[in-house]
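What follows draws every value from the coordinates through simple rules; no lab data is involved. Quick caveat, the model's predicted, so the values are computed rather than measured. Because the Cβ atoms are built from the backbone with ideal geometry, glycine has one as well, and the counts that use them run over all protein chains shown.
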Amino acid sequence: METLLKDKVALVTGGSSGIGEAICRLYVKNGAKVVVADVDDEKGMELVKDLNQNGEVAHYFHTDVSDPDNCKNLVDETVSTFGKLDIACNNAGVGDGETLTGDKDIQQWNRVIAINLNGVFYGMRYQIPEILKQGGGAIVNMGSILSSVGFKTASAYVAAKHGLLGLTKNAALEYAASNIRINAIGPAFIKTPLLKEIDDETIRSLEQAHPIGRLGTSNEVAELTLWLSSEKATFCHGGYYTVDGGYLTQ
């Protein structure tokens, strides 16, 4: 076992599959204890069972990040289970409907904003006071390449991810002197369940939109998340770190 996160306790929202699952696995591999938070109870409990094969290092907790009480309860559950909170990865997110802004369904807009933006605020609102008790720690917010550019038919997602980046920067300003490292990651299009409803032709088009000529993998995003969560990143505050196959160089 590697030890970048030895003796650390982390929580990961949206942790049962895709990027979140990869982060949970890498955190545990590097010595952390992890609370997997998600709304998919079956997948979440399956992941925890797998992670706990060699000891009690993971715990599942049902969490809807659009509900502030759920976010508070998640932090409380983490402390109750593992005694503290050092690291939080606010990864939970949903995709947008493929409609133009003038046709966007209001409920769809509200759902995307509630999960992808409000959920990150609710998370940090309760994570930060607990991390302060440990004398500092790390928060990684999962943004997107769409935190800095637009994408037709995804106005709610783009707005939420832009807001996430501003929120990350502001919180980093407020807590840098208190030794909480708060940063955002900007993945491009990654092979995750979020893309499962996209047809093959669109997938091929997305692949070619990246100079590298392919989509990214969850593990590639997880490796960057691990680094930002570790003591290797002690001078990183308020950053926006892309893992995008060159997408934003264009």
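If I fit a long axis through the Cα atoms of helix 155-175 and take the longest principal axis of the Cα atoms of the chain, what angle between them do I get, 0 to 90°, rounded to 10?
Approximately 30 degrees, to the nearest ten.
At 7 Å along the Cα-to-beta-carbon direction for both Asn170 and Gln108, put a label point, then send me their distance in nm to one decimal.
2.8
With each pseudo-label sitting 7 Å past Cα toward Cβ, what's the Glu46-Phe235 distance in nm, one decimal?
According to this spin-label approximation, the distance is 4.4 nm.
Spelling out what I want: for every residue of the stretch 37-46, take phi, set θ = phi - 60°, compute 6.51 cos²θ - 1.76 cosθ + 1.60 (Karplus), and round to whole Hz; glycine and proline get x.
Here the 3J(HN,Hα) series is 10, 6, 9, 8, 4, 4, 5, x, 6, 5 Hz.
Determine ³J(HN,Hα), in whole Hz, for all residues of the stretch 130-141 in sequence, where each value follows from phi through the Karplus function 6.51 cos²θ - 1.76 cosθ + 1.60 and θ = phi - 60°; x replaces Gly and Pro.
6, 5, 4, 5, 8, x, x, x, 9, 10, 10, 9
Full extension from Thr81 to Gln134: what is 0.36 nm times the residue separation minus their Cα-Cα distance, to one decimal in nm? Please list the in-between numbers first.
Values: separation 53, 0.36 × 53 = 19.08 nm, distance 1.59 nm.
That pair, Thr81 and Gln134, stretches by 17.5 nm at full extension.
Quote to one decimal, in nm, the extra length available between Asn54 and Glu207 on full extension: 0.36 nm per residue of separation minus the C-alpha distance between them.
Full extension of this stretch gives 51.3 nm more.
In debye to the nearest 20, how big a dipole does the chain give about its Cα centre with +1 on each Lys and Arg Cβ and -1 on each Asp and Glu Cβ?
With Lys and Arg at +1 and Asp and Glu at -1, about 800 debye.
Treating the angle as unsigned and between 0 and 90°, give the value, to the nearest 10°, between the Cα long axis of helix 68-82 and the longest Cα principal axis of the chain.
Orientation of helix 68-82: about 40 degrees from the principal axis.
Calculated from DSSP H runs of 4 or more alone, at -39500 (n - 2.57) each and per residue, what is the 222 nm mean residue ellipticity of the chain, nearest 500?
So the helix-based figure for the chain works out to -13000 deg cm²/dmol.
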